[in-house]
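The values are calculated or read from the model by the stated rules, or taken from the named source; none is laboratory data. Computed from a predicted model, the values in this text were never measured in an experiment. Here Cβ is always computed from backbone atoms with ideal geometry, including for glycine, and neighbour counts include all displayed protein chains. Side chains are part of the model used for accessible areas, which takes the heavy atoms of the whole protein and leaves out ligands, DNA and RNA. Shrake-Rupley method; radii C 1.70, N 1.55, O 1.52, S 1.80 Å.
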Amino acid sequence: MKFTANRMLLYEAAKTALKIVSNNKDIPEISGVLVEANADSGIVTLTGTDIRTHIQCRLQQEHIEESGSIIMNPNLPEMLRLLDGDTVTIQSDEKVVCISSGNATYTMAYLKAKGFPKMQIPFPEDTIQVKGINSLIKLTAFAADGNITDHTKATFSYVKLSFEDGVTKAQAAENNCMAVTVSPHCADGSLVMLLHEKALQALEGIVKPDEELYVGVVGKFAVFMKEDLFFSSMMFDGNYIEASTVLEKVKPIYGATVDAKALYGLIHDISMVFATGDDRCINLKLENDSLKVQAKTSACSSVSEISVLNSVSTPPEGFYYLPKLFTDCLRHMTGPVKIGMDNRGFVLLEGNGSRYLLCPRGPMRIAEKAEKQPKKNKTKSTKSKTAAVKAA
């Protein structure tokens, strides 16, 4: 294989294709990027995958002297970034590949392309046009847990995207938090898909906020396309927990209107009292047009409050929560936010087109400090006393 391409375009393509790639000792071929050069079409293609998701980038009208395909090291983008020429030449023989630009050349080993699990997914017959999808992903996907390996909890790893009547809804759920975000004028057709959180986080990282995508479904795969970019990911087909249905069942009886930034800062600052080993738990209550948050540990206690509007006071004992649930949601919200709690302490945060459900927990557990034991008086050993008598 031998071809010459624009260095920065190749750099961006390699960086994009590797967004879904991670080190895999069991399948080393998917730890790198597949580089293919076709002399007949003049197209260079770079593909990255984690088996479930594929990202493919194309560079057209490049100068290709010899067709071929190899799997290159994930350090490829860094090498391309450090070179200083406008163009770069990549040439491989039976053992190594050389990357040359200007007066510099990198030489490294590569893997055979035949071991790469490349999927041949046909072009969708029907597509819809979607815009602003990365905002929906950013506001929702964090509520899913992409690290779950227990298949009985697989639903918590996926995000549901629904495109219908010009309105797009994204929803995600895990044990303690659920999220639903709605955006109007985002799509021009109807489509429903359930995609893994890690796949959507990768998609959010390679699509700009104002870019339009063509979206379709082929078999079990969702396909997102734009010029010279092809993104496909396997959809979930099991039973899914509808976060929007759960949220509708929560009927707040206590609540207030609060500034998102002020509440985030309050909870973030209160959480600074926690040290390693502490039970990270906060108590939250509403009273007299103020929201009060308290944290306790074996070493100290911290209480602070902010002003709120239109408050309906909670019971005097308040409710207990994991502070991270609040900060994860509030960092995606701005301006006035409605906070509501039902009689069990389930919280609804509503604002900016998003709704978040946070689950309560039991009171904080404070570990008691172990009392210091008095020092025992040291006594001389019998052996020492015997030696002393003999010396006398």
_Qualifying position, being at pLDDT 95 or above and open to solvent by less than 60 Å² (accessible area, probe 1.4 Å), among Ile70, Ile30_ = Ile70
_Selection from the range 58-67 of residues that are in contact (Cβ under 8 Å) with a residue 24 or more places away in the chain and more than 13 Å from Ile90 (Cβ to Cβ)_ = Arg58, Gln60
*Search result, residues across the range 244-256 that are open to solvent by less than 40 Å² (accessible area, probe 1.4 Å), closer than 19 Å to Ala179 by Cα and in contact with a Leu (Cβ under 9 Å, 6 or more places away or on another chain)*: Leu247, Val250, Gly255
*Got a sec? Which of Leu325, Leu291, Leu247, Leu266 is closer than 19 Å to Gly351 by Cβ, among the aliphatic types (A, V, I, L, M) and either part of a strand (DSSP E or B) or more than 29 Å from the chain's Cα centre (by Cα) (or both)?*
Leu291
*What is the residue count in the range 333-354 for residues that are open to solvent by less than 60 Å² (accessible area, probe 1.4 Å) and either under 18 Å from Tyr254 (Cβ atoms) or modelled with pLDDT under 95 (or both)?*
12
*Of the criteria (1) over 22 Å from Cys329 (Cβ atoms); (2) without any contact (Cβ under 8 Å) to a residue 12 or more places away in the chain; (3) not aromatic (Phe, Trp, Tyr), which one Met234 fails*: (2)
*Could you please let me know if Val312 is in contact with a Phe, Trp or Tyr (Cβ under 6 Å, 6 or more places away or on another chain), farther than 24 Å from Lys138 by Cβ, open to solvent by 60 Å² or more (accessible area, probe 1.4 Å) and not hydroxyl-bearing (Ser, Thr, Tyr)?*
yes
_Condition check: without any contact (Cβ under 8 Å) to a residue 60 or more places away in the chain, open to solvent by 50 Å² or more (accessible area, probe 1.4 Å) and in a loop (DSSP other than H, G, I, E, B). Does Thr276 satisfy that?_
yes
*Look through the range 37-57, keep the residues that are surrounded by fewer than 20 Cβ atoms within 10 Å (Cβ to Cβ) and in contact (Cβ under 8 Å) with a residue 24 or more places away in the chain, and return whichever of them is farthest from Cys98 (Cα to Cα).*
Arg52
*asked:* Quick check on my filter: what residues within the range 225-244 are not in a loop (DSSP other than H, G, I, E, B) and not basic (Lys, Arg)?
replied: Met225, Leu229, Phe230, Phe231, Ser232, Ser233, Met234, Ala243, Ser244
*Within the range 216-224, identify whether any single residue is surrounded by fewer than 18 Cβ atoms within 10 Å (Cβ to Cβ), touching a helix residue (DSSP H, G or I) at 6+ places or on another chain (Cβ under 9 Å) and either of a type in the set (A, V, I, L, M) or touching a residue at least 40 places away in the same chain (Cβ under 8 Å) (or both), and answer yes or no.*
no
*Return yes or no: is Met193 among the hydrophobic types (A, V, I, L, M, F, W, C) and open to solvent by 60 Å² or more (accessible area, probe 1.4 Å)?*
no
_Filter result for the condition that a residue is open to solvent by 50 Å² or more (accessible area, probe 1.4 Å), farther than 30 Å from Lys169 by Cα and not in a loop (DSSP other than H, G, I, E, B), over Glu305, Glu317_ = Glu305
